[in-house]
C-alpha cells in the first residue's frame, strides 16, 4: 500500500489550527457553562432519598407518580427499572421525614403488596462520593501520564492528558446543556471513556513512533508533519471502525436499556465521539507542534554555543 499517495488525499496537518480553535472554543464554552449553569447533580452527590416501589406487574411513571400524589408526597423524579419495568424508583432531593417514609411504605404495601425499599444519602455521604469521584479521575490521569511518559516520552504524555481533559470537559459540557442527571453511573462512564480514549491515542502514538524510526532525517516541521499525517491515515480506518462498533452497542443500551442505565449509555456515546476526535485531530497535532519546537530549540543551541 502506498501511504505516501494516501497522505496526499487526506491532509490532517493542514487544518490543525482549525481543530485547535474548535477545541479551544469548546473548552471555553464548557468552563463558562459549568461556572454558570452548572451540572444537574443527582442524589448520589447531594442529600436525598430514593424509594424503590415494587410490583408484580408492569409499572408506568404516571401510575407511580399518581400514587405518591394521593398521599401528598411528590417525587422529584421517577424512573422505571427491572426486566419488565416492575420497579418504580422515586427520587427526592432532600431527606424525607421518618413519618413520611413510613406512610409511603404502608401505602404502597397496600397497593402493590410489597414494601418499598428506602435508601437515604446524607450530605456527608454525598460530599464523600463527590470527593472520591474526583480523586478516582485524578488518580487515573496521573497514572496515564506516568505510563505514556515511560513508554514514549513526556511530550506524548502531555498531549494525551490535554486530549483526555478535552474529552472529559466535552462530556460535562453536553450534560450541562441538556441538564441530564450526573450520578455514579456517569462517573463510571467518564472513567470508561478515559480508558478508551487513551487506548486509541496510544495506538496512534505507537504508529508515529514506528514511522519516525523509518525516516532517515527528521529535522524540521515538514518532516514531522509528513510522519504524523502518514500515521493518522494508517490508523484512520481502525479508529472509525472501532468507535462505530462501540457506539452502536452503547447506542442500543441508551435506546433500549431502560432509564436506569441511560445516563451511562449516553455519556459513553458522547465520550466515544469526543475521544475519537481528540485522538485524530488534537493529541497527535499537539504533539507535532511541541516536538517541532523542541527540534527548533536543539538546532539553535549549537549556534548559541558557537557564538559564545
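Some values worked out for this structure:
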quantity: Lone qualifier among 216, 230, 291 - being assigned by TED's automatic domain parsing to the domain that holds residue 136 and not in a helix (DSSP H, G or I); calculated: 216
quantity: Residue that is crowded, with 21+ Cβ neighbours inside 10 Å, in contact with a helix residue (DSSP H, G or I) (Cβ under 7 Å, 6 or more places away or on another chain) and under 26 Å from residue 164 (Cβ atoms), where the choices are 274, 225, 292; calculated: 274
quantity: Residue 121 more than 30 Å from residue 29 (Cβ to Cβ) and either surrounded by fewer than 14 Cβ atoms within 10 Å (Cβ to Cβ) or modelled with pLDDT under 80 (or both); calculated: yes
quantity: Selected residue [surrounded by fewer than 17 Cβ atoms within 10 Å (Cβ to Cβ) and over 18 Å from residue 186 (Cβ atoms)] from 71, 51; calculated: 71
quantity: Qualifying positions in segment 144-156 - surrounded by 15 or more Cβ atoms within 10 Å (Cβ to Cβ) and more than 17 Å from residue 207 (Cβ to Cβ); calculated: 144, 145, 149
quantity: Residue within segment 240-254 that is farther than 30 Å from residue 39 by Cβ and surrounded by fewer than 19 Cβ atoms within 10 Å (Cβ to Cβ) present; calculated: yes
quantity: Answer residue from segment 75-105, given it is exposed (fewer than 13 other Cβ atoms within 10 Å of the Cβ) and at pLDDT 85 or above and is nearest to residue 263 (Cα to Cα) among those; calculated: 102
quantity: Any hit, segment 20-37, residues being outside any helix (DSSP H, G or I) and assigned by TED's automatic domain parsing to the domain that holds residue 276; calculated: yes
quantity: Any chance residue 268 is touching a residue at least 60 places away in the same chain (Cβ under 8 Å), in the same structural domain as residue 179 (by TED's automatic domain parsing) and surrounded by 18 or more Cβ atoms within 10 Å (Cβ to Cβ); calculated: yes
quantity: Qualifying residue in segment 170-177 (condition: at pLDDT below 85 and outside any loop (DSSP other than H, G, I, E, B)); calculated: no
quantity: Answer residue from segment 6-19, given it is part of a helix (DSSP H, G or I) and over 17 Å from residue 286 (Cβ atoms) and is modelled with the lowest pLDDT among those; calculated: 7
quantity: Residues of segment 38-59 that turn out to be outside any strand (DSSP E or B) and over 31 Å from the mean Cα position of the chain (by Cα), as a count; calculated: 5
quantity: Residues located in segment 54-84, provided they are touching a helix residue (DSSP H, G or I) at 6+ places or on another chain (Cβ under 6 Å) and on the phi > 0 side of the Ramachandran plot; calculated: none
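The values are calculated or read from the model by the stated rules, or taken from the named source; none is laboratory data. Given the structure is predicted, the values throughout are model-derived calculations rather than measurements. Methodologically, a virtual Cβ is constructed for each residue, glycine included, from the backbone with ideal geometry; neighbour enumeration extends over all protein chains shown.
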